[in-house]
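Visitor: Sending over a structure as structure tokens; questions will come in a sec.
The values are calculated or read from the model by the stated rules, or taken from the named source; none is laboratory data. Just so we're clear, the structure is a prediction, and the values are computed from it rather than from any experiment. We place every Cβ from the backbone using ideal geometry, glycine too, and count neighbours over all the protein chains shown. Areas reflect the complete protein model, heavy atoms only, side chains present, ligands, DNA and RNA absent. Shrake-Rupley method; radii C 1.70, N 1.55, O 1.52, S 1.80 Å.
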Amino acid sequence: MDLKEFQTVQKYEEEDLDIAERIEYFGTEIVVPKQIYGPMEDTDLSIRFLRSWLQTLAKNHQQNPIYSQENPLRVMEMGCGSGALSFYVVSRLEQLKIPFYHMGIDINPMAIKACKYTSKLNGFSNNVRFKCGSFFEPLGTPEEKRSYDIIIFNPPYLASEAKTITRENRKLIDLAWEGGPEGNEITLEFFKIMSPFLSPKGEIMIISSGSVDQIPILSYFEKLNIKIVETLKKHVFFEDIILYHGKREP
């Protein structure tokens, strides 16, 4: 494909995405369609954690290289949205030359289209994959279904507004914040089915809100034998955004 053909294809792909904005995010040009959110305060909190996590990973890998092309670091982002967190992680892993296998999942088809376009736009490797569907349902091949070393999830964590948002007027973008009647239902559903997809020594990073009941969430950490090793918080307007970093204990 020559440059003119590429530009023509790019033009039609962008029109199909209905792009609201393009942003430069930690060295990656990310496209954000109108029906998904770009990076926000909870994304910033996640980056704060992931920056530190990657530094520790790099140090450990340098001392004891356990990841290889045959045994790559397996990374999943559930609810990937614009892909900001996925692209931050995989770009750093490429810089660090740590072999990895990545999977991003989102229920919003426009988010997956945007992530695939951003991936192509920035020339990311074939190890970056995105699939559309609910939770782990899109995983089809044995390779996709294998357990992951880290699962990143910034779920919808606010209570639904049943009086103003109905089945008739709900938009795709509402899927990004509606966490259920109490605000934690999506998170709890994730915990119910997550266990087979997290490796025996796997880690999770998950976001929640201080405005919803944390007790059921903390109970799942204990039930799944995942030790919370770090909790970060950021106060924004009316709530505390909470980040839990957990490690599965053997």
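Visitor: Assuming Gln35 fulfils every condition listed in (1) among the polar types (S, T, N, Q); (2) open to solvent by 70 Å² or more (accessible area, probe 1.4 Å); (3) not in a helix (DSSP H, G or I) apart from one, which condition is it?
Guide: Every listed condition holds for Gln35 apart from (2).
Visitor: In the stretch 92-132, which residues are open to solvent by less than 50 Å² (accessible area, probe 1.4 Å), closer than 16 Å to Lys34 by Cα and in a helix (DSSP H, G or I)?
Guide: If the condition is that a residue be open to solvent by less than 50 Å² (accessible area, probe 1.4 Å), closer than 16 Å to Lys34 by Cα and in a helix (DSSP H, G or I), then Met110, Ala111, Ile112, Ala114, Cys115, Tyr117, Thr118 are the ones that fit.
Visitor: List pairs: first residue in the stretch 179-192 and closer than 14 Å to Gln214 by Cβ and of a type in the set (A, V, I, L, M), second residue open to solvent by 30 Å² or more (accessible area, probe 1.4 Å) and modelled with pLDDT of 90 or more anywhere in the structure, Cβ distance under 9 angstrom, at least six positions apart or on different chains.
Guide: Leu188/Pro216; Leu188/Tyr220
Visitor: Go through the stretch 133-146 and report how many residues are surrounded by fewer than 16 Cβ atoms within 10 Å (Cβ to Cβ) and touching a residue at least 60 places away in the same chain (Cβ under 8 Å).
Guide: So the count comes out to 1.
Visitor: If you go through the stretch 112-145, how many residues are farther than 22 Å from Leu175 by Cα and out of contact with any strand residue (DSSP E or B) (no Cβ under 7 Å at 6 or more places or on another chain)? Step through it out loud before you land on a result.
Guide: We begin by selecting, within the stretch 112-145, every residue farther than 22 Å from Leu175 by Cα; these are 119-128, 140-145.
Okay, now just the ones that are also out of contact with any strand residue (DSSP E or B) (no Cβ under 7 Å at 6 or more places or on another chain), so 120, 123-126, 140-143, 145.
Qualifying residue count for the region: 10.
Visitor: Condition test on Ile47, is it at pLDDT 85 or above, among the aliphatic types (A, V, I, L, M), in a loop (DSSP other than H, G, I, E, B) and touching a helix residue (DSSP H, G or I) at 6+ places or on another chain (Cβ under 8 Å)?
Guide: No.
Visitor: Let me ask another. Out of all the residues in the stretch 89-132, which are among the charged types (D, E, K, R) and either in contact with a Phe, Trp or Tyr (Cβ under 7 Å, 6 or more places away or on another chain) or under 24 Å from Phe190 (Cβ atoms) (or both)?
Guide: Asp106, Lys113, Lys116, Arg129, Lys131
Visitor: Additional query: Check off (1) touching a strand residue (DSSP E or B) at 6+ places or on another chain (Cβ under 7 Å); (2) modelled with pLDDT of 85 or more for Tyr157 and give me the number that stays unchecked.
Guide: Looking at each condition in turn, Tyr157 falls short on (2).
Visitor: Hey, any hits in the stretch 213-228 for a residue that's open to solvent by 50 Å² or more (accessible area, probe 1.4 Å), modelled with pLDDT under 95 and within 21 Å of Asp44 (Cβ to Cβ)?
Guide: No, the stretch 213-228 contains no residue that is open to solvent by 50 Å² or more (accessible area, probe 1.4 Å), modelled with pLDDT under 95 and within 21 Å of Asp44 (Cβ to Cβ).
Visitor: Further question: All but one of (1) within 24 Å of Ser208 (Cβ to Cβ); (2) among the hydrophobic types (A, V, I, L, M, F, W, C); (3) surrounded by fewer than 19 Cβ atoms within 10 Å (Cβ to Cβ) hold for Ala84; state the number of the condition that does not hold.
Guide: Condition (3) is where Ala84 drops out.
Visitor: Something else now. Which one is modelled with the highest pLDDT among residues in the stretch 229-245 that are more than 19 Å from the chain's Cα centre (by Cα) and open to solvent by less than 70 Å² (accessible area, probe 1.4 Å)? Steps first, please.
Guide: Filtering the stretch 229-245 for residues more than 19 Å from the chain's Cα centre (by Cα) gives 229, 235-240.
Narrowing further to those that are open to solvent by less than 70 Å² (accessible area, probe 1.4 Å): 236, 239-240.
Working: Val236: 88, Glu239: 85, Asp240: 93.
Ranking the candidates gives Asp240 first.
Visitor: Of all residues in the stretch 183-212 being touching an Asp or Glu at 6+ places or on another chain (Cβ under 7 Å) and under 20 Å from Val236 (Cβ atoms), which is surrounded by the fewest Cβ atoms within 10 Å (Cβ to Cβ)?
Guide: Top of the filtered list is Gly210.
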